[in-house]
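One structure is given here, and the rest of the page talks about it.
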Amino acid sequence: MADTYESVTVDVDGHVARVTLIGPGKGNAMGPAFWRELPEVFTRLDEDQNVRAIVLTGSGKNFSYGLDLPAMGDSLAGVMGPDASARSRAEFHATVQRMQAAINAVADCRTPTIASVHGWCIGGGVDLISAVDIRYASADARFSVREVKLAIVADVGSLARLPLILNDGHLRELALTGKDIDAGRAEKIGLVNDVFADAEASLEAAHRTAAEIAANPPLTVRGIKDVLDQQRIDRVSASLRYVAAWNAAFLPSKDLTEGIAATFEKRAPNFTGE
């Protein structure tokens, strides 16, 4: 495995690996390095027979602000206007699929994964934790499926995997409003398994669970995960294919331009449905 990455650090202690988001965008935002490196990181950890469980967390005060809009601007530039060409839409479709593949690498990892979330977990951060097996949070954690506020249909995992985690009404409330929820609410609706006093306690709990999993027979653990995953593979794959095509066709809009501009200008957007 590479010694260093731009978007994460990887530490292995005994049979447990810890992957820590480090940005380089503010709030561990997910830029080009993240989408490029994540598949390599999780594929290599999955191939390491010494690693029997993986803990995923964020550095600093937050888990992740989600998509790094300034860094990923080039990915959206070709489809920002109503006159986007067929070629630009096809290129954007391929970009979405590459980003989906990064989150898929976590979901498809045969090694059990546990997320420890503190601070903000927004947009792509929720996409990421929806792909792990177990989710813990600190009391200060905040969650938001915020893509709707940018005039974007979430397309890299949340709308495909959260239906298997949350009650339908709770999911629709989150996705259609883009509202923020605190850790207590996240636990109540089943987004996280447990809430702990602070980030350190949440991370310690994640490592305890990882160690407990790692102490079990590794082939049996992988077998359990494989059987559980098999029940959702076709449904998730179909949803991801559908939303990639939907966004390639319909994402270009005046509302998208307005949503991104409002975000950068830190003002309320004025959406017109165009």
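Observations, loosely collected:
- Residue match in the range 43-63 (condition: over 30 Å from Asn216 (Cβ atoms) and either modelled with pLDDT under 95 or touching a Lys or Arg at 6+ places or on another chain (Cβ under 8 Å) (or both)): no
- Any helices (runs of 4 or more DSSP H) falling wholly within the range 173-274 and containing at least 2 residues that are free of Cβ contacts under 8 Å to residues at least 12 places away in the same chain and open to solvent by 80 Å² or more (accessible area, probe 1.4 Å): 199-214, 218-230, 233-250
- Test: Val12 is out of contact with any Gly (no Cβ under 6 Å at 6 or more places or on another chain), open to solvent by less than 20 Å² (accessible area, probe 1.4 Å) and under 20 Å from Ile134 (Cα atoms): no
- Residues within the range 28-65 that are surrounded by fewer than 17 Cβ atoms within 10 Å (Cβ to Cβ) and touching a strand residue (DSSP E or B) at 6+ places or on another chain (Cβ under 6 Å), tallied: 1
- A residue that is touching a His at 6+ places or on another chain (Cβ under 7 Å) and modelled with pLDDT of 95 or more occurs somewhere in the range 194-210.
- Counting only residues that are under 28 Å from Thr209 (Cβ atoms), open to solvent by 10 Å² or more (accessible area, probe 1.4 Å) and not basic (Lys, Arg), the range 16-27 holds 4 of them.
- Failed condition for Ala151, given (1) farther than 30 Å from Gly73 by Cβ; (2) within 19 Å of the chain's Cα centre (by Cα): (1)
- Ala101 satisfies every condition listed in (1) at pLDDT below 90; (2) part of a helix (DSSP H, G or I); (3) not charged (D, E, K, R) except (1).
- Across the range 14-30, the number of residues qualifying as modelled with pLDDT of 95 or more, under 17 Å from Gly125 (Cβ atoms) and of a type in the set (Gly, Ala, Ser) comes to 2.
- Among the residues of the range 1-13, the ones that are modelled with pLDDT of 95 or more and either within 14 Å of Phe63 (Cα to Cα) or out of contact with any strand residue (DSSP E or B) (no Cβ under 6 Å at 6 or more places or on another chain) (or both) come to 7 in all.
- When residues in the range 125-172 are screened for being open to solvent by 40 Å² or more (accessible area, probe 1.4 Å) and of a type in the set (D, E, K, R), 7 of them pass.
The values are calculated or read from the model by the stated rules, or taken from the named source; none is laboratory data. Fair warning: this is a prediction, and the values are worked out from it, not measured in the lab. So basically every Cβ, Gly included, is an ideal-geometry build from the backbone, and we count neighbours across all protein chains shown. Just the protein is used for accessible areas: all its heavy atoms, side chains included, with ligands, DNA and RNA removed. Shrake-Rupley method; radii C 1.70, N 1.55, O 1.52, S 1.80 Å.
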